[in-house]
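Worksheet: the structure to be examined is printed underneath.
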Amino acid sequence: MLASRVLSTALALAIVPATLAAHHGWSNYHENKPLTVDGTIVESSYGNPHGTARLETAEKTWDVVLAPTSRMSARGLTEAMLRKGTRAKVLGYQHKQQPNEMRAERITIDGKTVELR
């Protein structure tokens, strides 16, 4: 009995760091330098741990980190709204080491603005 508890605890502790390492650290984004980009969605994913969108602008293509699907859905951002070819405006923060990545705070599609954080 004690051996199984020790083994269970050890497994749980081993999983936690791997889970944390897989997620984006928000400190990796320029939180004091908000930017707004306007473009066309060329690809998107409505999955966990968070949705993503590739947004093509006049200057470059951004990899946009959205929110978890449960939050997007609860706030009115559906998978259908993120379809390829849709125009979107995103306010967010650029990644410090990956210049094409940004974390979205809000997204506007067809005149509807959704707060993501």
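Summary of values
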| item | result |
| --- | --- |
| The range 100-111 - residue that is among the charged types (D, E, K, R) and assigned to a strand (DSSP E or B) and, of those, farthest from Met72 (Cα to Cα) | Glu101 |
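Okay, residues lined up against (1) small (Gly, Ala, Ser); (2) loosely packed, with under 12 Cβ neighbours inside 10 Å; (3) over 16 Å from Arg106 (Cβ atoms); (4) without any contact (Cβ under 8 Å) to a residue 40 or more places away in the chain:
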residue	(1), (2), (3), (4)
Asn32	no, yes, yes, yes
Val42	no, no, yes, no
Leu55	no, no, no, yes
Glu59	no, yes, yes, yes
Val64	no, no, no, no
Thr69	no, no, yes, yes
Met72	no, no, no, no
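None of the figures in this text is laboratory data; all of them are computed from the coordinates on show. Nothing here was measured: the structure is a model prediction, and the numbers come from that model. Backbone-built Cβ (ideal geometry, glycine too); neighbour counts: all protein chains shown.
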